[in-house]
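Working notes for the structure below.
Coordinate-derived values only; no laboratory data. Treat the numbers as computed from the prediction; the structure is a model and nothing was measured. Please note: Cβ atoms are built from the backbone with ideal geometry, for glycine as well, and neighbour counts cover all protein chains shown.
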Amino acid sequence: MQKVTQEVGAVDTPVAESFESSLRMLLVEVRAVAGAWNGKNGGSVWLHRVAVPVPAVDPIALLAGCTLSDKVYWSGREDGEVVAAVGSAHDCTDHTASCLRMLRHQLERQTSTSAPGIRYFGGVRFDTKAETAPEWRSFGAFRFILPRFELAVRGGEATLACNLVLPADAARVDQICEDALKLSGSYNGADRTLPVPVSRIDLPSRERWDANVEWALRRFDSSELEKIVLARRVSFDLERRPDPFLLLDQLRQVTPGCFHFCFQPDDTVAFLGASPERLYRREGRAIWSEAVAGTRPRGRSETDDRRLRDELLLSEKDQREHRYVRLSIMDSLRPFCEALQIDDTASEMMLTRGRHLYSAVNGTLREDATDYDVLTSLSPTPAVGGYPTEDALKELRTLEAFDRGWYAGSVGWIGTERAEFAVAIRSGLVRDRNLMLYSGAGIVAGSKPADEWVETEQKIADFAGILHLDQDPS
């Protein structure tokens, strides 16, 4: 198989010198803030953000070259902002939702003057009650970090920020500045090759998949279950460990119009993906969500493409699958909203390699509603779990032979005035020399095992294409 080579983020000397100058300015301000807090040890904990403009260096290159641990990449679907974050100023990790309450309490104590732009990046497992497999232990059931350093790029402008937790960070300012210097030159590009896959393992096997779908179809007749989303894990052993940020860089080039993310809690593991689906976005008390369910591929010609579009829009089976997601999202958000509405009919969400049924949701949150309420109520949606959700999760705990971890969970960020989360689909886990790709298909009455298998293969096609991976011939 052919190796993929790409030049990532090489910058010229004037840009490098300008970045170094801005970095030194940042450290001067960090020391000034720390000096003002030195010796204060009261009971209050404050977050402080120091930021300076910098040249728009490549965020992917900075993450790939930096030796600090705990790295995050995030880019939204529409707003054009790209964030590369390294290090951790504050870590909220737990196996219960208590960490979200702690995060909420931490943010509520801040003021716009002390920490404008402060936000925590992280995610939530698909099933927080399921047992955690070894490959997912670094992530926790809930994990959100306040990055130590953030490079945010929008258009041709960029900002480098340092987040401080005071007064504790006042005593370790020398270490913080030493870590900041590790960003110096980390954005310089170099040839990096993606490794060649040497083996593939499908879990479940094709035979087991067919049996699981047939089981689900029988279950619909004998229980309250109306939909269940079955998932697959395709594991590739590679000739060497891939650079997850180079992998993401290749992935984002073939998946426009998606949320792109990578969370690397340590040097051995990283979770990355290109999700087309928003869980929710909040601006003040305004909230947006969406129902996305029902799938078809893109056509090989304009005529074929129109046929597949019409087939999806007119499919009773797909419209029924979509309706379960619509109902669940509305039921989940209604207790926290004083106003809420959804599109009357499903339209088409068209992607580079596929299409989905789509309905937009928008509303106004009650004054006492929080991101904790919204996040724990919405996730997981029937688009990735099933309907009714709790019934589907109970069945999946015994039916699926692997831990989904953060796959099909939620990833994103929370700030005081804003928050945004994507559903963590179209994703994979890099662990040492192994790449595990995840995909799922919604099973409802009328589903056919062979069709659903093909759908899940199509959903890993973007990863498979950039690594020249062999896809299942069926």
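What the table below lists for this structure:
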{"quantity": "Which label in (i) 42, 27, 24; (ii) 39, 32, 27; (iii) 38, 27, 20 gives the computed semi-axes √(5λ) of the Cα gyration tensor in Å", "calculated": "(iii)"}
{"quantity": "Net charge contributed by nearby residues that have their C-beta within less than 12 Å of Ala274 (K/R +1, D/E -1)", "calculated": "+2"}
{"quantity": "Debye, to nearest 20: dipole size of the chain, +1 on Lys, Arg Cβ, -1 on Asp, Glu Cβ", "calculated": "420 debye"}
{"quantity": "Charge dipole of the chain about the Cα centre (unit charges at C-beta), most positive-ward option of Phe126, Cys337, Cys177", "calculated": "Cys177"}
{"quantity": "Size of electric dipole in segment 255-364: Cβ of Lys, Arg +1 and of Asp, Glu -1, about Cα centre, debye, nearest 20", "calculated": "120 debye"}
{"quantity": "Under the span-like rule (Cα at least 30 Å along the axis, Kyte-Doolittle mean at least 0.0), DSSP H helices of the chain", "calculated": "13-37"}
{"quantity": "Fewest-first sequence of Phe139, Phe261 by Cβ atoms within 10 Å of each Cβ", "calculated": "Phe139, Phe261"}
{"quantity": "Set of aspartates and glutamates near Lys71 by C-alpha distance (under 13 Å), chain-local residues within fewer than 8 positions excluded", "calculated": "Asp91, Glu150, Asp243, Asp266, Asp267"}
{"quantity": "Fewest-first ranking of His95, His48, His105, using other Cβ atoms within 10 Å as the exposure measure", "calculated": "His105, His95, His48"}
{"quantity": "Backbone N under 20 Å from the Asp267 label point (7 Å along Cα→Cβ), restricted to segment 57-71", "calculated": "61-71"}
{"quantity": "Hydrodynamic radius of segment 199-256 per Kirkwood, over alpha carbon pairs, in Å", "calculated": "14.6 Å"}
{"quantity": "Selection from Ala360, Thr268, Pro197 lying farthest towards where the dipole of the chain points positive, charges on Cβ", "calculated": "Thr268"}
{"quantity": "Qualifying aspartates and glutamates (Cα of each under 19 Å from Cα of Lys129; at least 8 residues distant if same chain)", "calculated": "Asp94, Asp373, Glu390, Asp391, Glu395, Glu400, Asp403"}
{"quantity": "For segment 375-455: rounded, prolate or oblate by the Cα gyration tensor [a/c cutoff 1.5]", "calculated": "oblate"}
{"quantity": "Prolate/oblate/rounded label for segment 195-466 (Cα gyration tensor, a/c 1.5)", "calculated": "rounded"}
{"quantity": "Sorted by Cβ neighbour density within 10 Å, fewest at the top, the residues Met25, Met436", "calculated": "Met25, Met436"}
{"quantity": "Theoretical ellipticity at 222 nm over the chain - DSSP helices of four or more residues, -39500 (n - 2.57) apiece, nearest 500", "calculated": "-9500 deg cm²/dmol"}
